[in-house]
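Below is one structure; the comments refer to it alone.
All of the numbers you see were taken from the coordinates with simple rules; none came from a lab. Just so we're clear, the structure is a prediction, and the values are computed from it rather than from any experiment. All Cβ positions, glycine included, derive from the backbone under ideal geometry; neighbour counts span all protein chains shown.
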Amino acid sequence: MGASNFVEGVDLAFKIIFGISLFFLAGITTVMVYFVFRYSRKRHPVAEQVKDNNVLEITWITIPLILVLLMFYFGYVAFSPQRVVPRDAMAINVIGKMWFWTFEYEGGKQSPVLVVPLKKAILLNLHSDDVIHSLYIPAFRIKEDVVPGKKNYMWFIPEQIGEYDILCTAYCGLRHSYMDTKARVVTEPEYKAWLAALPLKSNEPEGLAILKKNACTGCHSLDGTKLVSASFKGLYGKTEKVTTDGKERSVTVDDAYIKTSVYDPDKDIVVGFPKGVMKTYKGIVSEEDLTKIIDYLKTIK
Ligand SMILES: [Cu+2]
């Protein structure tokens, strides 16, 4: 038994297509090698034109036709139920964003991992906040693109307790490969207990939530890694070399400097980083939110 209700059908289609491919690999290679010897110039010096062989033509139309229809049939039988969601399916919203997945359960509770109860139909409603992502859970044999502005979904019934990989399979930028997480299949009571224990509001600092919401973390890391720009780690209070109106100068990173950096990013350009990459957040990040961001930046030394 597979990890989901789709494993059997998808694996059967795969085995049939793989089997037919293997058969042809062996068959074509054998005939090719045989022809090389049988019709070499030594044994068969004058080439011969074969014309109007009806038996041959009907054979090579009929047999491949049957084979491709066979592949189509098993593929279709495996795929079509993936698009028909049972009425009693439990809905979970999935939000893809550079570069993490968020799973939103009933009541708006959010988690970075997908936790689902065993043997219950699960409907995943897929949303993207920015670019095209693709949600892939190999063990369940399901994958769908997550396209901004477009509604998409997938569903499955988890059939085995366990922890399975979740990946993003649409290249979505610098940290695409970091977009991995887990699907955890647990018993129904365990699921209920887990959901009840999940805090309603995420308990991350408000400033961090604002940074993530505005995708600042796409260009500025929080752990010291250099991305498109300098990391936020240890930024507050440090002495920064910047170019202002073409002149290089040193500044201490304080509230006023951060405010200028966010609302007028092209004024002080950090030496070693490109101008014009960061757009202004005037009218996007309120002064109140900016204060929360600064409070948070002070905490990541
Ligand atoms: Cu992605």
Exercise for the section: On a 0 to 90° scale, report how tilted helix 188-197 is relative to the longest principal axis of the chain, with both axes built from alpha carbons and the result rounded to the nearest 10. Expected result: 20 degrees
Exercise for the section: Work out how much length Val36 to Val131 would gain on full extension: take 0.36 nm times their residue separation and subtract the Cα-Cα distance, in nm to one decimal. Expected result: 29.0 nm
Completion exercise
Rh_Kirkwood(the stretch 7-83) over Cα pairs, Å, one decimal, evaluates to 15.5 Å
Completion exercise
Computed on Cα atoms only, the convex hull of the stretch 90-197 has an orientation-averaged projected area in nm² of 6.1 nm²
Handout entry: Distance histogram for the stretch 1-133 (every C-alpha pair counted, 5 angstrom bins, percent rounded to whole numbers)
Key = 2, 7, 10, 11, 12, 11, 9, 7, 7, 6, 5, 5, 4, 3, 1, 0, 0
Problem - Electrostatic dipole magnitude of the chain [Cβ: Lys, Arg +1; Asp, Glu -1; Cα centre; debye, to 20] - result: 760 debye
Problem - Proximal aspartates and glutamates to Lys151, defined as alpha-carbon separation beneath 18 angstrom and excluding residues fewer than eight positions away on the same chain - result: Glu104, Asp129, Asp130
Practice task
Would you mind computing, in nm to one decimal, how far apart the modelled labels at Asp52 and Lys282 are, each placed 7 Å from Cα along Cα→Cβ?
Solution key: 8.4 nm
Handout entry: Sites Phe18 and Tyr171, calculated FRET efficiency, Cβ-Cβ separation with R0 25 Å, nearest 0.05
Key = 0.40
Practice task
Give me the lysines in straight-line cross-link reach of Lys51: C-alpha distance below 27 Å, same-chain residues under 8 apart excluded.
Solution key: Lys42
Completion exercise
Between the modelled labels at Leu123 and Asp254 (7 Å from Cα along Cα→Cβ) the distance in nm is 5.6 nm
Practice task
Using only alpha carbons, build the gyration tensor for the stretch 206-299 and give me the equivalent ellipsoid semi-axes, biggest first, whole Å.
Solution key: 19, 14, 13
Practice task
Can you figure out the FRET efficiency of Ala91 with Asp180, using R₀ = 22 Å and their beta-carbon distance, to the nearest 0.05?
Solution key: 0.40
Practice task
On a C-alpha basis, how far is the centre of the stretch 209-229 from the centre of the stretch 66-97 in Å? Whole number, if you could?
Solution key: 36 Å
Handout entry: Exposure proxy order (Cβ contacts within 10 Å, fewest to most) of Met90, Met98, Met278
Key = Met90, Met278, Met98
Fill in the blank from the handout: Expressed as a whole-number percentage, the relative contact order of the chain with C-alpha contacts under 8 angstrom and at least six residues apart is 14 percent
Problem - Loop-resident sites, the stretch 189-231, for trypsin sites (Lys or Arg not before Pro), counting at most 11 other Cβ within 10 Å (DSSP) - result: Lys201, Lys226
Completion exercise
Excluding residues fewer than 8 positions from Lys247 in its own chain, the aspartates and glutamates with Cα under 18 Å of it are Asp264, Asp266, Asp268
Handout entry: Label point 7 Å beyond Cα of Asp266 along Cβ direction - residues of the stretch 231-251 with amide nitrogen under 19 Å
Key = 242-248
Practice task
Can you check what the Kirkwood hydrodynamic radius comes to for the chain, Cα pairs only, in Å to one decimal?
Solution key: 24.2 Å
Practice task
Return the subset of Lys97/Lys150; Lys226/Lys275; Lys109/Lys150; Lys259/Lys298; Lys238/Lys298; Lys259/Lys292 for which the Cα-Cα distance in this structure is over 18 Å, preserving the input order.
Solution key: Lys109/Lys150
Completion exercise
So the angle from the long Cα axis of helix 287-299 to the longest Cα principal axis of the chain, reported in degrees to the nearest 10, equals 80 degrees
